[in-house]
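Q: Take this structure first; my questions come after.
The values are calculated or read from the model by the stated rules, or taken from the named source; none is laboratory data. Note that the coordinates shown come from a computational prediction; the quantities given were computed from them, not determined experimentally. Cβ placement follows ideal geometry from the backbone for every residue including glycine, while neighbour counts extend to all protein chains displayed.
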Amino acid sequence: MESLPSLEIRALVKIIDELDYYQLLHLEPEATQSEVKKAYFQTSRTFHPDANRHLEAGLRDECAQISKRVTEAYCVLRDPRRRAAYDDQRRSGDGARRMQLAEARASHAKKDSEERQGKTPQGRQFYQKAAAAIDRGDTAGAINHLQMALTFESGNSYFKELLAELKTRS
């Protein structure tokens, strides 16, 4: 494997915080999972500390820093949920280039919670009434409330699944 010039390594370390994960891995945002994997392995081989043992200590440390960021990028982009959260963050234009894995999990948990409990005030209201009816053992009432919730949130897959489950019980 050919070694990277020290100037290139130092230049990349200086701008690494300005690069988003796609730029770091030389990918387009529409890249497929296989393209993400291929780009990761190619970039990882270039900057991995083991591949750069021959460099002086300072450059090895900089390669290690780049390698960690490359791995971070791959961990986010390879997982569809994390990638979707990252893409949402990029689209929001808040300037953030990185996403810690905990942020990705929290973002997904928030979306999951919204999906489960409803995104609109009316959807949430009727879902809560359905949940209370389920707790009371009133399956027919729960079905009615979920059907009302679906009039406000027709695309809510959780409401649909719960409604189907309740209909099989009755």
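Q: Out of everything in region 122-135 that is under 14 Å from TYR158 (Cβ atoms) and not charged (D, E, K, R), what residue ends up being farthest from the chain's Cα centre (by Cα)? Even if it seems obvious, please write down each step before you answer.
A: If we filter region 122-135 for residues that are under 14 Å from TYR158 (Cβ atoms), which is where we start, we get 123-124, 126-128, 130-131, 134.
Restricting the remaining residues to those that are not charged (D, E, K, R) gives 123, 126-128, 130-131, 134.
Numbers: GLY123: 25, PHE126: 29, TYR127: 27, GLN128: 28, ALA130: 30, ALA131: 29, ILE134: 33 Å.
Looking at the filtered set, the residue picked out is ILE134.
Q: Ok, one more. Among the numbered criteria (1) modelled with pLDDT of 90 or more; (2) under 16 Å from the mean Cα position of the chain (by Cα), which single criterion is violated by ARG98?
A: Only one criterion is unmet by ARG98, namely (1).
Q: So ALA11 fits all but one of (1) surrounded by fewer than 15 Cβ atoms within 10 Å (Cβ to Cβ); (2) in a loop (DSSP other than H, G, I, E, B); (3) of a type in the set (A, V, I, L, M, F, W, C); what number is the exception?
A: (2)
For (1) loosely packed, with under 13 Cβ neighbours inside 10 Å; (2) at pLDDT below 95; (3) under 25 Å from the mean Cα position of the chain (by Cα), each residue gets a yes or a no:
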| position | (1), (2), (3) |
| --- | --- |
| MET1 | yes, yes, no |
| LEU7 | yes, yes, no |
| ILE15 | yes, yes, yes |
| LEU24 | no, yes, yes |
| PRO29 | no, yes, yes |
| GLN33 | yes, yes, yes |
| LYS37 | no, no, yes |
| GLN42 | yes, yes, yes |
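Q: Filter region 14-70 down to the residues that are assigned to a loop (DSSP other than H, G, I, E, B) and of a type in the set (Gly, Ala, Ser) and list them by number. Quick ask: steps written out before the conclusion?
A: Applying the first criterion (assigned to a loop (DSSP other than H, G, I, E, B)) to region 14-70 yields 19-20, 25-32, 48, 53-56.
Within region 14-70, just ALA31 meets the criteria.
Q: Of these, LYS111, LYS119, which one is closer than 30 Å to PHE159 by Cα, part of a loop (DSSP other than H, G, I, E, B) and either under 13 Å from the mean Cα position of the chain (by Cα) or modelled with pLDDT under 90 (or both)? Don't jump to the end; show me each part of the working.
A: Values: LYS111 fails: part of a loop (DSSP other than H, G, I, E, B).
Selected residue: LYS119, the only one of LYS111, LYS119 that is closer than 30 Å to PHE159 by Cα, part of a loop (DSSP other than H, G, I, E, B) and either under 13 Å from the mean Cα position of the chain (by Cα) or modelled with pLDDT under 90 (or both).
Q: Here's another thing I want to ask about it. In a helix (DSSP H, G or I) and either surrounded by fewer than 15 Cβ atoms within 10 Å (Cβ to Cβ) or in contact (Cβ under 8 Å) with a residue 40 or more places away in the chain (or both): is that true of ALA130 in this structure? Outline the logic, then answer.
A: On the way: in a helix (DSSP H, G or I): yes; either surrounded by fewer than 15 Cβ atoms within 10 Å (Cβ to Cβ) or in contact (Cβ under 8 Å) with a residue 40 or more places away in the chain (or both): no.
In short, no.
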